[in-house]
Structure formats: C-alpha cells, structure tokens
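Trainee: Structure provided below as structure tokens; questions to follow.
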Amino acid sequence: MDSLISSLSEGRGVYVMYFPTSFRIHAVVVNPFRNKELSPSFLEKQYRDACQALGSLHENITFLVDYHTSIDAGSKHVQRMLLEYRQQHPGPVIGVIECPKLQALKSAVRALDDFPCVTIPCNARDNNYQALGWQATAGRTSMQRCAASTQWFNERISLARYAHVPLGNFELDWLLFTADVFFSRALRDQQQVLWISDDGIPDLGGTYEGDTCFADEVIQPALTYPGAYRRVAVELKIHHLAVNSLLKSSQVDEMEGGPIGSFANDMPAGPNGTETEFDDATLCLPAFQVLKQLIQRCISDAVSSGNVFADAILQHLYRWLCSPRSKLHDPALHHLLHNVMKKVFALMLAEFRKLGANVIFANFSKIIIDTGKVDLLSARAYCDSLLKTLQTRDIFEWVELEPLHYWHSLLFMDQYNYGGIQAKMQNATSEGSSDGDNDIDIVSSWNIAEYLPKATQDHFVLIVSEFLYVPWKYMKEQVALRSTTRDETSCTPSITIMAAENLEVQVIGYLRDQISNYFADKLLRIVSDILHHFKGKGKSESVELTNREPDPHTHKGDAALEFIKHICAVLALDQNVQHDILRMRKNLLKLVRVKEFAPEAQFQDPCASFTLPNVICSYCNDCRDLDLCRDSTLQGQEWRCAVPQCGQPYHREQMENALLQVVRQRERLYHLQDLVCLRCRQVKAAHLSEQCSCGGAFRCKEESSQFLSKMRVFLNVAVSQKFELLQDVVQWILEVR
Ligand SMILES: [Zn+2]
Ligand SMILES: [Zn+2]
C-alpha cells in the first residue's frame, strides 16, 4: 500500500507520498517563490506528533523533501517516484489517494493508472493556504493525513469484509453506498424489483410525461411553547428515533388498530397532501417490511458483535432514507417512515407529560423540558428517573435521550429566539451545588435582534440578560438564606412544597418591583437616547434596515419603536409579569407617540424563513436542518458544516440544486392546487361550474400573496449566496405574476 496525499491551491501545493513497506515519506513541495520552509526534520516531528495524537505506533521512517516551482514539474517528479517504486516493488500494491482534484491528479500522474486506487474524502479546508507560512501548515496537515491514512485503510478493509464489497468499489459516501447494497440484496432475496436510479426519482418502469410529481418535502414537526421558565430546564437530544419507529411500526399499528398503510389517511393537508399518497404508501409496504428485517439484522450485528459499521448504518438510517443521492431513494418509503416517526414522537411527548414533565420545545432531534425543580441536583435526579422510566416502555426501546444542557432559567420564544442561564456541563457533573457565577453561561440567541439597528442591539441583549439574571440571583440568595436559618429543623416534604410555592411568589414580587423601579427607568432612558441619536441622522440607518428585509409587510420605520416592540415582546414571554410589562410598554410607546393597540405597535417576527432539511456534510457525514434565514452561522458567509473540528463547506451546486427542486415543486403544487368554496369550504369537484353547488364563490387554496412571499424568501437566499440559476428562476416566477 502507498498513500498519496496532496493539497493544492493556486500554483502552490504539496504532494506527499507515503510508502509504508519501505518506510519512506517523500514530500514534493510546489512553490513558485524561493523560500523553502519544510525540512525532513520538521516533517518527522509533525508526523510523530500526529501518530501520538492518534495513539498509533510511530515507526522509523525516512523523510525526504524536494522543491519545484510549478505544478507540472511537481507532478512529473511524483510520476518518476512512483515508477521507480513500481520497479523496486513489483508485487501487489494499492494506492490510497487523498486529493482535492482527483481527476486532475490522475491525468497528471499517469503512473497511478497502474495501481488500483481508493480515495479518502478530502476536507476542503486543507487547501485554504494562508499567504505566508503556508508551507508549515500544509506540511503539518499532510503529516496528520499520512498518519491517519493507515488507520483509514485498515478500517476500509474491515468494512469491505463486513459488507462483502470489493475494496475499490466503495463510493465516496460509504454509508449511503453500503446501505444501498444491503437493501438491494435484501430486496432481491424477496424477489422484488429494484428501482435504482441516480437522480433520486425511483425508476419504477414506464415513462413519465413531463415532470415527475414526487413530493419530496416533508414537514418536520416542531412544538413550541413560548414562555419564561425560571426553574431548571433540560435539553435532551433524541437519538435513533427513525430506527425505533421502523422496528416498532407494528406496535404503533396495533395501538392505532389499523393496517400500516392507513397512516397516509391522516396526513395533514400540507403542500404534499395529495391523493396519490395512499396508493404510494400501500405500494411500498413490502419494501418497508424488507427494510425492517434488514435493520433488525443490523441491530443484532451492532448489539451482539459490536460491529461499528452496522452501528453507523443504524445511526444514518434516516439520512440514507431521505437523501436523493442514495440509489434506492424512494419518497414514498420516506413518507411512510416519517409518518410512523410522527406517531412515535407524539406518543413520547404524551409519555413525558404523563410523567409530569412540562414540554417547552420538541422536534425530531431535541426536546426541552421544564423539570419544575429549583436546584440542579434534584433536576438531574428527576431527569435521570424520567429517562429510566421512558426506557422501560417497549415502544421506545431503541430511542436514546441524552441530556445536552441544563438551564437554570430559560426565556423561550422559538427555536431561533431564546436566552437563558446555562449550567456548565463539567461543573454539573461534579458536586453540583450550582452556585457562583463561574458555573453559568448566560446564553443569548435572539435572531429577532439581528433586525434591530446595530446601535440598539447591545441594549436589547443586555436588558434581556438582566431580566433573566436578576430574579435568578435573588432566588438563589433566598434559598441560601432559608437553608441557613432552617438548618437544624428537618422539615417534612409538604412543608418544602409550601416553601417552594412561597419562594416563587416572593420571586415574582421581587421581579415586579424590579420592573417598575429598575427596568422601566432604564428602558425609558435608552429609548430617549435612541430618539436623540436618530433625530440627527434622519432615516439613514433605517434605510439600511429595509435593505436587509425587503418584505413590505413588516413596518420598519422607527428605530425606537422597533426597539420597544422587540424588547417588550420578549419580556412579555413571562406570563407572571405580563401585565407589568404591558403597562411599561404603554408608557414607552407614549415616548414615540404611538398608541398601544395601533397596528404599527404590534410585534411581528421580522424574519420569514425556509428550512432546508437533512443537509449532509460530505466529509464527516453530519446531518442537520438549515434554517437559511434565521441561523446566524449561515448569514453572510459560505455555508459550512457546523461540527467544530470539521467545518467543511457544503457543496454549493448540490445546495442550489436542492433549493431549485423545492422552488419548482412548490410552483408546481401552486399551479395544480384545488379551488375551495368560500362558503362551505368544499374542494371544487366539477370542472366548468363558476359557482359551488351551495352558491358560494371559489378561491385558490393557497393565496398568491402567500406563495409570492415564500418565493421572496428564496430570492433573498439566492441573492445573498449568489446562486445565479436559482435567482433567475425565482425572479422569473415573481415577475410573471
Ligand atoms: Zn462536517
Ligand atoms: Zn360551497
């Protein structure tokens, strides 16, 4: 085996050849300038460090470095080296290549044609050289990759053994590939016809007239209960919901008292609620059964023999199922499982509620619950017992819930707008007395604040954080006070409950007091400052605002008014002090001469958005849903993987393509939509009648204004990400009407 690692960037680059059999690492550096920064000893040190980090043995390897001034000369050198190696070692050899531009490398280094080659996925970050000192960085990275390549190759061999697939036949995304292979074998064993295709549209035989009408979009359910949660809340990550739903589908079925195909009946009338789905669901039932058996086998491999590949397939089952890049992708199968997942999800939430937990937010990947406990220790104990109880239920056998964060206090508006006092995890595990400001982080994640003028954003964040912190600190002091005064007298539980209620009343009273004395004064001062500040500037800064959000529905005139609306909307999340906040709001609005119930004083979430589900990183296979307008990590920069040690940029063309598909599908559904009677709300059945049989007039199910505002969101995304084709298509749709 030999490994060829290379990274290139605009006339600069490094080729590294690693020959494990002859214990040599040979680096060829291409640098148009004269500075030579890499030396064999430097590489040796980097290699040793990399081996240590991986925990593998560091062999005695000879290092060689050559310099060339052009890519051409560099690749010729590589070619020569490989031919030489081939003469010295005529036995069987396999090449392992990690390189950003595989085709270019293969055509430049023809000697590679003599070897069977396998490719390691390449991280795009490796090719981002800085202007100075790039050689050291490239050298270090290449040594890390060299050291890791042996391990990668050995893993690949055991994968090939497990999957019974020849080593060189794996595609770049081995998970999708292996799942496809397994599924097609299982289908063939059951004498079923395969519907393999490359474009994500199942090849079911026959020809389609015009566009195929697959509704590939599924709506991810998300439950949000906005409010202020001033007891400890816990955020749980959900694992294996898809696998669990697949395996427990027949139990869900029995509970429902009907065959599984009937899931399609109670589909919500979303954009996909078409009538063909019933048939699709029934048709793919046999495939569903095959998939279920396949996953059962994977589970027994993963559980009984601890096979890592089977485990990975289980973890990525849902991604495989919904990715149009898997060759056996079938939207109907995806819909079927998605429906079972929805049922299991609903059952799980019901179970949580039955056990007394208060759900704050839930979607397929995470749940936030209010534990109702004041201190962290009892919250953790409560959470543990909750999870244990849930695990005993057969229907959730394979679901795993992992506590991610504990919040002492949480102000929650929706998934993208929340703030809270978060307990630091490492301290929570140790003696969790949860005191001291060092153990907490004040998290502030308010997307709506992005739409405020820059000058007022800091005020917003500060006020909201204080609104969380001040009552929490007070409560902590009170608890401490009580425990000292009552240390000797051990009390019965009922008294503790009483005390807890007392405490809550006390805290609310304190907060009320703070609102009328502290927050109101501070806000009045801030608002009059803003008024002064913007009087001189005229409307210049508000013009900048309107540029960001060209949606005409949202009123963006006055910085002070916007600030008041935003801050009061957030503070009023606390039901206990809502009246006080509303009174304060009324007073603040007087300053800007707006009436309390005037339409321009009503708060609207400024951001219409679109969530692109199931985006997969090509390097680390992380899967997430991208909220294209509200996720702050996606704004104004290249979209990239969120895993900290990865950061691989997403494939631009694939992203644009996915968005195009959604746009085209939404447009199609808009044109094919039903007409509904205004009076009796029945769908129009007759073709030519102008009026409903009840005498009412018809209107479209989806209003054109709704449709167009959705399209405008796509236009914004296209413009900000410079997706030209998408921009053209959406602009055309917008102009036609
Ligand atoms: Zn990644
Ligand atoms: Zn009617």
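The values are calculated or read from the model by the stated rules, or taken from the named source; none is laboratory data. Just so it is clear, the structure is predicted and the values come from calculations on it, not from any experiment. Ideal geometry is used to build each Cβ from the backbone, glycine not excepted, and the neighbour counts take in all protein chains shown. Please note that ligands, DNA and RNA were not included when accessible areas were found on the heavy atoms of the full protein model with its side chains. Shrake-Rupley method; radii C 1.70, N 1.55, O 1.52, S 1.80 Å.
Residue-wise test of (1) over 20 Å from Ala287 (Cβ atoms); (2) modelled with pLDDT of 75 or more; (3) open to solvent by 80 Å² or more (accessible area, probe 1.4 Å).
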position: Gln190; (1), (2), (3): no, yes, yes
position: Ser197; (1), (2), (3): no, yes, no
position: Ile219; (1), (2), (3): yes, no, yes
position: Ala233; (1), (2), (3): yes, yes, no
position: Glu254; (1), (2), (3): yes, yes, yes
position: Pro268; (1), (2), (3): yes, no, no
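Trainee: Specify which of the listed residues (Asn123, Asn128) is under 21 Å from Cys641 (Cβ atoms), in contact (Cβ under 8 Å) with a residue 40 or more places away in the chain and either open to solvent by 30 Å² or more (accessible area, probe 1.4 Å) or charged (D, E, K, R) (or both).
Mentor: Numbers: Asn123 fails: either open to solvent by 30 Å² or more (accessible area, probe 1.4 Å) or charged (D, E, K, R) (or both).
Going through Asn123, Asn128 in turn, the sole match is Asn128.
Trainee: Take Gln426 and decide whether it is out of contact with any Gly (no Cβ under 8 Å at 6 or more places or on another chain), modelled with pLDDT of 80 or more and among the polar types (S, T, N, Q).
Mentor: No.
Trainee: A further question on this structure: Farther than 30 Å from Thr119 by Cβ, polar (S, T, N, Q) and within 16 Å of ligand 2 (Cβ to nearest atom): does that describe Gln682?
Mentor: Working: farther than 30 Å from Thr119 by Cβ: yes; polar (S, T, N, Q): yes; within 16 Å of ligand 2 (Cβ to nearest atom): yes.
Against the criterion (farther than 30 Å from Thr119 by Cβ, polar (S, T, N, Q) and within 16 Å of ligand 2 (Cβ to nearest atom)), Gln682 qualifies.
Trainee: I want to confirm something. Restricting to the range 669-689 and keeping residues that are open to solvent by less than 50 Å² (accessible area, probe 1.4 Å) and outside any loop (DSSP other than H, G, I, E, B), which single residue is farthest from ligand 1 (Cβ to nearest atom)?
Mentor: Cys677
Trainee: Could you identify the single residue in Gln315, Gln296 that is out of contact with any strand residue (DSSP E or B) (no Cβ under 9 Å at 6 or more places or on another chain) and surrounded by fewer than 20 Cβ atoms within 10 Å (Cβ to Cβ)?
Mentor: Gln296
Trainee: Provide a single number: the residues in the range 577-610 that are buried (at least 18 other Cβ atoms within 10 Å of the Cβ) and either over 30 Å from Met711 (Cβ atoms) or of a type in the set (Ser, Thr, Tyr) (or both).
Mentor: 9
Trainee: Further question on the same structure: Of everything in the range 644-656, what is surrounded by 15 or more Cβ atoms within 10 Å (Cβ to Cβ) and part of a helix (DSSP H, G or I)? Give them in sequence order.
Mentor: Met655, Glu656
Trainee: Is there any pair with a first residue in the range 638-661 that is of a type in the set (Val, Ile, Thr) and a second that is away from ligand 2 (no atom under 16 Å from the Cβ) whose Cβ atoms are under 8 Å apart and which are 6 or more apart or on different chains, and what are they?
Mentor: Going by the 8 Å Cβ cut-off, the qualifying pairs are Val643/Cys617; Val643/Cys620; Val643/Asp622.
Trainee: Starting from the range 664-685, take each residue that is farther than 19 Å from Val713 by Cβ and list its partners that are within 10 Å of ligand 2 (Cβ to nearest atom) and of a type in the set (Phe, Trp, Tyr), counting only C-beta distances under 9 angstrom and pairs at least six apart or across chains.
Mentor: Leu675/Phe698; Val676/Phe698; Cys677/Phe698; Leu678/Phe698; Lys684/Phe698
Trainee: Of the conditions (1) at pLDDT below 85; (2) crowded, with 19+ Cβ neighbours inside 10 Å, Leu291 clears all except one; give me its number.
Mentor: (1)
Trainee: Where in the range 49-167 are there helices (runs of 4 or more DSSP H), lying wholly inside it, with at least 1 residues that are closer than 30 Å to Ala302 by Cα, among the aromatic types (Phe, Trp, Tyr) and touching a Phe, Trp or Tyr at 6+ places or on another chain (Cβ under 8 Å)?
Mentor: Here the list reads 134-163.
Trainee: Counting only residues that are assigned to a strand (DSSP E or B) and either within 16 Å of ligand 2 (Cβ to nearest atom) or of a type in the set (Lys, Arg) (or both), how many does the range 609-642 have?
Mentor: Of the residues in the range 609-642, 2 are assigned to a strand (DSSP E or B) and either within 16 Å of ligand 2 (Cβ to nearest atom) or of a type in the set (Lys, Arg) (or both).
Trainee: If we scan the range 567-577, do we find a residue that is at pLDDT below 70, more than 16 Å from ligand 2 (Cβ to nearest atom) and not assigned by TED's automatic domain parsing to the domain that holds Gln706?
Mentor: No, there is no match, as no residue in the range 567-577 is at pLDDT below 70, more than 16 Å from ligand 2 (Cβ to nearest atom) and not assigned by TED's automatic domain parsing to the domain that holds Gln706.
Trainee: Sticking with this one: Could you go through the range 617-636 and let me know if any residue there is in contact (Cβ under 8 Å) with a residue 40 or more places away in the chain, of a type in the set (Asp, Glu), surrounded by fewer than 18 Cβ atoms within 10 Å (Cβ to Cβ) and within 16 Å of ligand 1 (Cβ to nearest atom).
Mentor: Within the range 617-636, one or more residues are in contact (Cβ under 8 Å) with a residue 40 or more places away in the chain, of a type in the set (Asp, Glu), surrounded by fewer than 18 Cβ atoms within 10 Å (Cβ to Cβ) and within 16 Å of ligand 1 (Cβ to nearest atom).
Trainee: Mind checking which pairs have a first residue in the range 508-525 that is surrounded by 12 or more Cβ atoms within 10 Å (Cβ to Cβ) and modelled with pLDDT of 90 or more and a second that is polar (S, T, N, Q) and not in a helix (DSSP H, G or I), Cβ under 6 Å, 6 or more apart or different chains?
Mentor: none
Trainee: Here is a follow-up. Among the residues that make up the range 690-702, is at least one of them away from ligand 2 (no atom under 16 Å from the Cβ), within 20 Å of Arg319 (Cβ to Cβ) and open to solvent by 30 Å² or more (accessible area, probe 1.4 Å)?
Mentor: Within the range 690-702 (the criterion being away from ligand 2 (no atom under 16 Å from the Cβ), within 20 Å of Arg319 (Cβ to Cβ) and open to solvent by 30 Å² or more (accessible area, probe 1.4 Å)), the answer is no, since none of the residues qualifies.
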